[in-house]
Each structure stands twice: as structure tokens, then as C-alpha cells.
1. Using the alpha carbons of the chain, what is the convex hull volume per residue in cubic angstrom, as a whole number?
2. Set Lys and Arg Cβ to +1 and Asp and Glu Cβ to -1, take the dipole of the chain about its Cα centre, and tell me which of 211, 246, 21 lies farthest positive.
3. Could you tell me which helices of the chain pass both thresholds, a Cα extent of 18 Å or more along their own axis and a mean Kyte-Doolittle hydropathy of at least -0.5, with helices taken as whole DSSP H runs?
4. Helix-only estimate, please: 222 nm mean residue ellipticity of the chain, summing -39500 (n - 2.57) across DSSP H runs of length 4 or more and dividing by its residues, to the nearest 500.
5. Hey, got the dipole for the stretch 1-101? About the Cα centre, +1 on K and R Cβ, -1 on D and E Cβ, debye to the nearest 20?
6. Where is the GNM fluctuation largest for the chain (alpha-carbon springs, 10 angstrom cutoff): 218, 98, 115?
7. In percent, what relative contact order does the stretch 107-215 have, based on Cα pairs under 8 Å that are 6 or more apart in sequence?
8. Amide H of residue 203: which non-local residues (sequence gap of 5 or more, or other chain) have their own amide H closer than 5 Å, using H built in the peptide plane?
Amino acid sequence: MANPDYDWRLSVSGAGEALVLVPGMDGTGQLFYRQTPSLSESFRTATYALRNKATSMDTLVDDLARIVDTVAPETHRAIVVGESFGGALAMSFALARPEQVSALVVLNSFPYFAPRFRLRLARYGLALLPWGAMPLIRRATAFRLHSAHTHREEIRRFMELTASADREGYINRLQVLMSYDIRNRLHDLRPPALFLAAERDHLVPSVQQAQLMVSRVPGAALRVLHGHGHICLIAPEIDLAEIVTAWREGR
């Protein structure tokens, strides 16, 4: 069962094989809102919130294991889809609990975040920043983070959904990345893996990172999302259900 000591905001819809969406740095699964309706037509689809007080990847891995057990009580297995920081968590989970991962999908992520000084600067900056200014920063950086053709209404909703993001959660997740490095363990990833990379990602060199991971993960596949930025799952052309289904049928 899910641990009751924090608000999981677990949401489950649909029927079929279990699929868990792992959120990024913001920590809220609500940003998968454009994807869950179509995914739920084929999968028992779950979103959840990351634990803000988690200070280690091991804690987040244990939390994800409980989510999978809750969503798939009979098989204790799920397709795990992770975005950005969530991709790092999804891969760490697949390494630690391979028996719980029927397939792995990683979007705009990395096996190691470099340069490290950017993480330190971000942590210090967030600690000092008046938190009420965070929405202004999100608006100012929207053109670099979102796909160029994402509708303004979707960006406005993104702002609303991330407005309640927790400073402690951001800082702790940045700290987790300081010790995260699975480059030498990529060959140990055993679940079928699909790496998705946005061509115009200005936050993470997603295509370069995905190519590296595909070269080291046995049997992995790569799909480049042309014309898209780092935050692409609210863009109109991206349909995860179609991408995941086509990949699995193609295998």
C-alpha cells in the first residue's frame, strides 16, 4: 500500500495493463493531464506526486514501488513512463526493481546531469528566491522550455498547475541529482526501453543523452520528437498512448 505519511495525490483511470506516469522536477503528476485520457483507453493509468521531503533517490524508488503495488495489486508490474527528473527516477527504479517494470519509457532525461555547478546554482538560487516570484520566472522562461507551437491556453494551465509546487521539493530533488550517476549501469537495464527526446530541448541535451543511453541499454529504441521543447507533453501533436502502443507492437 501507499505510505500514508504524505499526500500522494494518486489518481488512477482506465483498465488494462498498469502504466505509471512519473513526474518531473515540479513533482506533480497533474501535468500529464493531456495524456491521461488517451492512455486510459488502453491502460490502467496512474499519476502521483513525488514526496517533497525525499532527500535520496532510494526513498523515491521505494515510493514508486508502493505506487506500482497499489495500481497493479495482482501483477505488481507496470509500464513506467518518466519525464525529465522522472526519467532519472524511472531508470533508477528499473535498476533497483526490474521485476516491477514491464516496459520503460524515458522522455527528455539523462543518466547523469552535467555540469554539476548548474545544480548548485539552482539550489542556492531557489533557497534565496522570494517564492512569490517563481511564476514570473516560469513566464520569462516559457519560450525556452515549451514547444514553440504549444497553445497559450496550455501554457497558462501549466502555470496554474505548477503554482503550488513546493520549494523544499525542488531543492531536495536538485540535491538528489547531485549524487545521481547511472552511466556505468545503463547496460544493466533489462526491461524493454524506449527513449524519447525533444529536438529543441534547451534545458537538457535530450537527443545527445538519448543517443548515449540507447547505445548502452540492450535492445533500446529511440524516437526524436522533432520541433518540440523540453516541456512537450502539453503540446498538441504528442500522443503518448499512440507512441507507446506503436513501439510495443513494433517490437
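1. Output value, Cα hull per residue: 114 Å³.
2. Among 211, 246, 21, the one farthest towards the positive end of the dipole of the chain is 211.
3. Working: long enough: 57-71 (21 Å, 0.57); 116-128 (19 Å, 0.15).
Within the chain the helices that satisfy the rule are 57-71, 116-128.
4. Values: 9 runs with 101 residues, N = 251.
Per the formula, -12500 deg cm²/dmol.
5. The dipole of the stretch 1-101 has a size of about 120 debye.
6. Checking each option, the largest mean-square fluctuation is seen for 115.
7. Working: 79 pairs, mean separation 59.7, N = 109.
That works out to 55 percent.
8. Close amide H contacts, sequence-distant or interchain: 230.
No value in this document is a laboratory result; all are computed from the given coordinates. Just so you know, these numbers come straight off a predicted model, no measurement behind them. Quick reminder, even Gly has a Cβ in these numbers, built from the backbone with ideal geometry, and neighbours come from all protein chains shown.
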